[in-house]
Structures are given as structure tokens and as C-alpha cells.
1. Take the range 117-145 and flag every residue that is outside any loop (DSSP other than H, G, I, E, B), hydrophobic (A, V, I, L, M, F, W, C), under 19 Å from Cys86 (Cβ atoms) and in contact with a helix residue (DSSP H, G or I) (Cβ under 6 Å, 6 or more places away or on another chain).
2. Would you mind telling me which numbered condition in (1) modelled with pLDDT of 95 or more; (2) within 20 Å of the chain's Cα centre (by Cα); (3) surrounded by 14 or more Cβ atoms within 10 Å (Cβ to Cβ) Ala223 fails?
3. When you check Glu179 against the structure, is it loosely packed, with under 14 Cβ neighbours inside 10 Å and in contact with a strand residue (DSSP E or B) (Cβ under 9 Å, 6 or more places away or on another chain), yes or no?
4. Given the residues Lys10, Lys5, which is the only one that is at pLDDT 95 or above, of a type in the set (Lys, Arg) and either crowded, with 19+ Cβ neighbours inside 10 Å or not in a helix (DSSP H, G or I) (or both)?
5. Can you work out which of the residues in the range 37-66 that are assigned to a helix (DSSP H, G or I) and under 15 Å from the mean Cα position of the chain (by Cα) is surrounded by the fewest Cβ atoms within 10 Å (Cβ to Cβ)?
6. Identify all residues within the range 135-164 that are buried (at least 16 other Cβ atoms within 10 Å of the Cβ) and over 27 Å from Thr35 (Cα atoms); write none if there are none.
7. Report, by residue number, each residue of the range 171-188 that is of a type outside the set (A, V, I, L, M, F, W, C) and within 13 Å of Gly116 (Cβ to Cβ).
8. Does Glu32 satisfy the criteria of being surrounded by fewer than 21 Cβ atoms within 10 Å (Cβ to Cβ), of a type in the set (Asp, Glu) and farther than 19 Å from Leu83 by Cα?
Amino acid sequence: MSTLKLTIAKDGIAVLTLAKPPVNAMDADLLEALTRQFEQLAADPAVRAVVVAAEGTAYSAGLDLKMAAGLDRSGQHRLINALNDCFGTLYAWPKPLVAAVNGHAIAGGLILALCGDWRVAADLAMKVSLAEVKVGVAYPVAPMEVSRNELSAFAARRLILLGETIDAAACEALGLFDERVPAASLLARAIVQAERLAELPPLAFATTKRQLRAAPLARIAAARTGIGEPRLSGWLGEEMQRAAAAALRGSSAPMRGAA
């Protein structure tokens with residue numbers, strides 16, 4: 001069963017929906033599928049913009065900690081590469097990208113939203129966090145670069161360094177989300193915003209986006225070629241296993257992710 005659903009409207013607005021119940025948890029397969037899909041959409045001249053939506057009660061809860069903790073060295077490297085490739089591809093994507101955040105956005109789920117050029121969130125109770133520090137996981141280059149570039153110093157300290165969990169209203173106040181709308185109108189509003197952004201001259205948009213993000217994109221590109229990204233020996237080592245186990249005991253597993 002596919003974990004991604006794609007529809008493309010006549011006006012060239014694509015809606016790509018995460019469909020991996022129960023909380024769209026990320027693994028190498030999903031991240032690699034996202035990378036391939038966005039590479040194809042970038043090359044399709046009929047596609048003018050993309051909305052990234054999700055099914056269920058979570059946009060994404062990030063990595064499945066139980067899965068990640070059991071990876072061998074080869075599996076760790078594949079996952080690190082998949083994270084860098086996916087978020088590097090989305091952050092550099094040359095066309096407008098709108099995030100339609102329908103619920104909890106934890107760790108990699110929040111990074112996915114931060115890759116959006118416009119972020120619309122449902123006005124409902126949700127947990128939003130970058131939980132890596134709490135579960136003992138070091139950030140690969142791409143998730144860190146996206147987070148650092150998109151968050152203010154104040155927001156970065158609270159979310160990246162201290163691992164705080166906040167709600168949708170706080171996200172809007174801190175600039176993580178651009179607007180909140182009733183849940184029933186979330187997708188429609190995101191599509192309207194994608195249509196608005198798609199009216200911008202496409203070459204100028206792509207060029208300006210790459211100029212604006214030149215420094216973090218250069219560091220991500222270096223990591224994707226194996227230059228400048230430590231192989232993160234022990235990335236999912238004993239500290240992570242202990243922290244993840246404590247997190248899973250203290251809360252439901254789906255709401256405790258990592259990048």
C-alpha cells in the first residue's frame with residue numbers, strides 16, 4: 001500500500017498527502033519516497049505548486065523510535081542519508097510548497113512543515129516540538145539547517161535546545177505557522193495559498209528561493225555528498241536507547257518522535 005497519495009488539479013496545483021496510519025511516522029522508505037516524488041514534481045512542467053497534507057490526527061510524529069532504536073549501522077546510515085536527501089530536496093524545491101498541518105507535528109514532522117514556503121495549520125489542539133534532544137538523537141545536517149534557518153533565535157532555543165512542546169497558537173506567535181484556520185477548511189485554504197504563490201514568476205521565484213537559502217543549502221548539499229556530515233557513529237547508541245525508552249514509557253509512542 002502506498003504511503004503517499006497524489007492528486008493534481010487542472011490548474012497545476014498538486015496535493016501530496018501522507019497516508020501512513022496511525023501518525024505518519026517516518027522511516028527510510030517514506031523519506032525516500034518523498035524525495036523521489038518531489039524530484040518528479042519538480043521536473044513536471046504542468047505542476048506549478050504543491051500542498052503537503054496528511055491523513056489522520058497527526059501531520060507526522062517523526063521517526064518511529066522503536067524502529068529506529070533497532071537499526072544496525074547500515075540501517076542508521078541509510079536513515080541519515082534519507083533524512084538529508086528528503087529535507088534537502090524539499091527545502092531546495094524550486095516551486096512553491098505549502099504545508100497543510102492537520103495535527104501533531106513532532107520532530108521530523110515539524111521539519112517537514114518548516115520546509116514549506118507557507119504554512120497553514122488547523123486551529124485545534126496539537127502538539128508541536130523538535131524532540132531530538134529529549135530522546136538523545138543528534139540532528140543530521142539537513143534537519144538542523146532547516147530548523148536553524150526557519151526559526152528565530154528565541155524559538156530555536158526553546159524548541160531545538162530545550163525540546164519544548166508548544167501548541168498551534170504559540171507556533172503562529174513564534175512564526176512557525178503563517179496562519180490558523182478551522183480544521184474543516186484547512187486543505188481548501190492551503191490550496192488557495194498555493195494558487196496565490198503559483199502566480200509569482202516561476203524563474204524569479206526559484207532563483208530568489210535558492211539565493212535566500214544559499215548558505216544552509218550549501219551545507220546540506222555537502223552532507224548529501226558525504227562531505228561535512230559526520231557519519232554520526234553511535235547516532236542511535238545507548239544514550240538514545242535509554243532516552244527513547246523513558247520517553248515511550250512516559251507517553252504514547254506516536255507522540256514521541258525524532259528527526
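1. Of the range 117-145, the ones outside any loop (DSSP other than H, G, I, E, B) are 118-122, 128-129, 132-135, 141-145.
Keeping just the survivors that are hydrophobic (A, V, I, L, M, F, W, C) gives 118, 120-122, 128, 133, 135, 141-142, 144.
Add one more test, that the residue is under 19 Å from Cys86 (Cβ atoms), and what stays is 141-142, 144.
Matches in the range 117-145: Val141, Ala142.
2. Here Ala223 meets the rest and fails (1).
3. On the way: loosely packed, with under 14 Cβ neighbours inside 10 Å: yes; in contact with a strand residue (DSSP E or B) (Cβ under 9 Å, 6 or more places away or on another chain): yes.
Yes; evaluated as a whole, the condition is true for this residue.
4. Details: Lys10 fails: at pLDDT 95 or above.
Being at pLDDT 95 or above, of a type in the set (Lys, Arg) and either crowded, with 19+ Cβ neighbours inside 10 Å or not in a helix (DSSP H, G or I) (or both) holds for just one of Lys10, Lys5, which is Lys5.
5. The initial filter retains those residues of the range 37-66 that are assigned to a helix (DSSP H, G or I), namely 37-43, 65-66.
Cutting the leftovers down to under 15 Å from the mean Cα position of the chain (by Cα) gives us 37-38.
Numbers: Gln37: 17, Phe38: 22.
Only one residue fits best here, namely Gln37.
6. Within the range 135-164, Ala155, Arg158, Glu164 meet the criteria.
7. If we filter the range 171-188 for residues that are of a type outside the set (A, V, I, L, M, F, W, C), which is where we start, we get 172, 175, 178-180, 182, 185.
Once the filter is applied, which keeps residues that are of a type outside the set (A, V, I, L, M, F, W, C) and within 13 Å of Gly116 (Cβ to Cβ), the range 171-188 yields Gly175, Asp178, Glu179.
8. Working: surrounded by fewer than 21 Cβ atoms within 10 Å (Cβ to Cβ): yes; of a type in the set (Asp, Glu): yes; farther than 19 Å from Leu83 by Cα: no.
No; evaluated as a whole, the condition is false for this residue.
The values are calculated or read from the model by the stated rules, or taken from the named source; none is laboratory data. Just so you know, these numbers come straight off a predicted model, no measurement behind them. Using ideal geometry, Cβ is built from the backbone for each residue, glycine included, and neighbour counts are taken over all protein chains shown.
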